[in-house]
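Notes follow once the structure below has been shown.
Bear in mind these aren't lab numbers, they're just calculated from the coordinates by the rules spelled out. Note that the structure is a prediction, hence the values are computed from the model and not measured. Cβ placement follows ideal geometry from the backbone for every residue including glycine, while neighbour counts extend to all protein chains displayed.
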Amino acid sequence: MRTHTFYKYQGTGNDFVMIDNRLSVFDTNNSSLIAHLCNRRFGVGADGLILLESDPNYDFKMVYFNADGQQSSMCGNGGRCIVAFANFLGIIQGDAHFSAIDGPHLAVYDNGYVELKMQDVLTVSSKEDYFVLDTGSPHYVSLKSNLDSLDMASEGAFVRYSEPFKSSGVNVNFAKKINMDTFAIRTYERGVEAETLSCGTGSTAVAIAMFHSGQSTSKVMNLKTQGGNLVVRFEPLSSSYSNVWLCGAAVQVFKGTLEW
């Protein structure tokens, strides 16, 4: 085994183990190691692990793993955190253009605040009392008046493992309207299999779903997560949404060394 340096980052309470993997020091197939590092009792503790890798066509490449050790779809807060990490490493200064599992992303870093351009949202599926849309990851969105008292462990898991989501899973977001441009949000994340303090793609999904449903007419929305505040802005088209940006703080918490 060798000693390696890792970093811990958080974006509104959504936390990640961050590793500079430009020299391919980390085995991306070692799911048990990833799950161990994310374990809050026996490892570093995180909602996910992110590798920063080289990409000949971009500033860097983001490779994201959920806390269960499996590579996953796009993570918005993780995307903001890796931009802050790239700035820390001197890879970027201000603007970033990087690749992720869902395609290329633009971002702007400014003194710990990151604005991340998300992929266009092509469709919003409206059901009787909820919405389903993909903001880089699949999301379920529903309004709840009793948001503060919800048992997220049970209610989030119930939706996540119900039909038609059981086979591939879905991230579950419950929201409460505060005013026309502000919504509180709680999220149960697949792969973490628990509530997280914040979810970037979930906040994006709530903002667009609330506009799509007429709950808001604002194209710039404030999302109050359990871990802090995020801003989502977008441009509505005839049936889709473009120029989608997720904005908020991204902070390095600490660095350390581990053997693997």
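For the chain, averaging the sequence separation of C-alpha pairs within contact (under 8 Å, six or more residues apart) and dividing by the residue count gives a relative contact order of 23 percent. The residue among 162, 204, 179 whose Cα reaches farthest toward the positive pole of the charge dipole of the stretch 124-245, with charges on the beta-carbon of Lys, Arg, Asp and Glu, is 179. Across the chain, counting alpha-carbon atoms alone, Rg and Dmax equal 17.5, 56 Å. Placing unit charges on the Cβ atoms only, positive for Lys and Arg and negative for Asp and Glu, gives the stretch 154-260 a dipole magnitude near 240 debye about its Cα centre. Its Cα centre serving as origin, the chain has a Cβ charge dipole (Lys and Arg +1, Asp and Glu -1) of approximately 340 debye. Extension gain, residue 235-residue 93: 0.36 nm per intervening residue step, less the Cα-Cα distance, totals 48.4 nm.
Remark: the stretch 124-245 projects, on average over all directions, an area of 6.8 nm² (convex hull of Cα atoms). Restricting attention to the stretch 1-118, close to 75% of DSSP beta bridges with both partner residues there are antiparallel. Classified by the C-alpha gyration tensor, the stretch 88-150 has an oblate form. Its axis ratio a/c, with a ≥ b ≥ c, is 1.5 or above, and a/b does not exceed b/c. Each peptide in 127-139, 202-214, 80-92 receives the mean, over its residues, of other Cβ atoms within 10 Å, and ordering these scores from highest gives 202-214, 80-92, 127-139. For the chain, the antiparallel share of DSSP beta bridges with both residues in that region comes to about 80%.
Neighbour counts of C-beta atoms inside 10 Å place 178, 101 in the sequence 178, 101, starting with the fewest. With a simple spin-label model that places each label point 7 Å from the Cα along the Cα-to-Cβ direction, the separation between residue 101 and residue 242 comes to 2.7 nm.
Peptides 8-21, 29-42, 182-195, 54-67 ranked from most to least packed give 8-21, 182-195, 54-67, 29-42, packing being the mean of other C-beta atoms within 10 angstrom over each peptide's residues.
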